[in-house]
Amino acid sequence: MKTKSTYAVMGITGQVGGAVARALLAAGHNVRGIVRDQARAAKWESAGVELALGDYSNVDALSAAFRGVDGAFVMLPADFAPSRGYPKARAESLALREALTAAMPSKVVALSSIGAHHPTGLGLITNLQILEETLASLPMPITFLRPAWFMENSVWDIAPAVQTGTISSFLLPLDKPIPMVATPDIGRVAAESLQEIWSGRRIVELEGPSRYSPNDLAEALSVARGRHISAVAVPRNEWDSLFLSQGTSDPAPRIEMLDGFNSDWISFEGNPATHVTGRIDLQSVIQTLVDQRGA
């Protein structure tokens with residue numbers, strides 16, 4: 001009979017953490033979801049998930065949530081407007097390291113990002129470079145999972161596509177494919193990694209079955225919507241003022257990240273990393289997003 005293990009999962013009320021939890025439950029394992037607000041995770045509790053309260057400001061609670069599990073999936077919350085020097089990511093990463101060192105789960109899988117091997121020039125991805133640097137010295141086996149650009153980022157394009165027949169792209173040029181991946185693939189690979197045995201530190205890179213350009217995204221939306229939709233390039237010299245007008249306090253990190261993708265600075269590291277190809281294509285993700293929104 002297959003042994004039933006217990007895994008701690010951070011971010012269970014979000015897309016990636018939720019995908020990890022679903023994959024582990026489907027494999028017949030127990031899941032301990034680490035949450036800041038138990039009420040928001042009621043559906044998980046009804047699905048048989050054990051809930052543990054814990055956040056980065058309470059290392060003792062976080063340690064208790066990690067204690068006694070066969071593996072832990074950890075991540076930082078998204079921060080699209082980091083302060084200079086990334087103090088929030090540094091504090092949260094240190095809290096994670098302290099809690100994991102105290103709890104000593106058997107192994108750890110940490111959500112990172114494509115490009116996180118670079119020490120500079122990453123913009124928003126710097127948060128995850130800091131996470132890797134901080135957790136690299138943990139005494140238990142750790143896997144840093146580095147997924148590509150999330151296909152689900154396209155959710156923000158659906159409303160403009162419906163209203164105007166166009167999508168605005170900061171990924172340039174419009175015909176340049178970049179690595180992308182679907183969230184369920186990230187959850188599946190993270191869950192599979194937790195169930196594996198390894199030693200030391202390892203890197204797993206993850207992208208979808210193909211690479212896609214902004215034009216490919218527009219075509220996928222065209223198919224999903226049944227009308228022609230085209231991609232339009234947003235000129236680089238307009239980014240700063242546009243992001244400021246949208247309420248971003250400091251556009252520099254977001255612009256630096258986009259420049260990194262457009263210049264190929266943000267890319268996969270390759271050897272010694274393990275490279276994994278996902279199963280879900282862009283058209284499937286876009287169709288799901290459109291259906292969910294009744295667009």
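What follows is calculated from the coordinates using simple rules that are stated; it is not laboratory data. Note that the structure is predicted; figures quoted are calculated from it, not measured. Counting neighbours? That spans all protein chains shown, and the Cβs are built from the backbone with ideal geometry, glycine included.
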What full-extension length gain, to one decimal in nm, is calculated for Asp60 and Ala27 as 0.36 nm per residue of separation minus the Cα-Cα distance? 8.9 nm
Just how large is the dipole of the stretch 117-238 about the Cα centre, in debye to the nearest 20, putting +1 at every Lys and Arg Cβ and -1 at every Asp and Glu Cβ? 100
What angle do you read, to the nearest 10 degrees and between 0 and 90, between the alpha-carbon axis of helix 155-164 and the longest principal axis of the chain? 20
Estimated inter-spin distance, Lys176 and Asp291, nm [label 7 Å along Cα→Cβ]: 3.4
Interchain or sequence-distant (5+) residues whose placed amide H lies within less than 5 Å of the amide H of Gly11 are Ile34
Work out how much length Arg211 to Asp79 would gain on full extension: take 0.36 nm times their residue separation and subtract the Cα-Cα distance, in nm to one decimal. 45.0 nm
Extend 7 Å from the Cα of Thr164 along its Cα-to-C-beta direction; within the stretch 216-240, residues with backbone N under 15 Å of that point are 218, 229-236, 238-239
Under 5 Å, built H, 5+ apart or other chain: amide partners of Glu205: Arg146, Thr274, His275, Val276
Crossing angle, helix 126-135 versus the chain [Cα axis fit, 0-90 degrees, rounded to tens]: 20
Looking at the chain only, what percent of DSSP beta bridges run antiparallel? Nearest 5 please. 5
Anisotropy class of the stretch 83-128 from Cα gyration tensor, a/c 1.5 cut: oblate
Sparsely packed chymotrypsin sites (Phe, Trp or Tyr not before Pro) within the stretch 133-205, loop by DSSP, other Cβ within 10 Å at most 13: Trp198
Among [x] 18; [y] 45; [z] 27, the value of percent of Cα pairs over 32 Å apart computed for this structure carries the label [z]
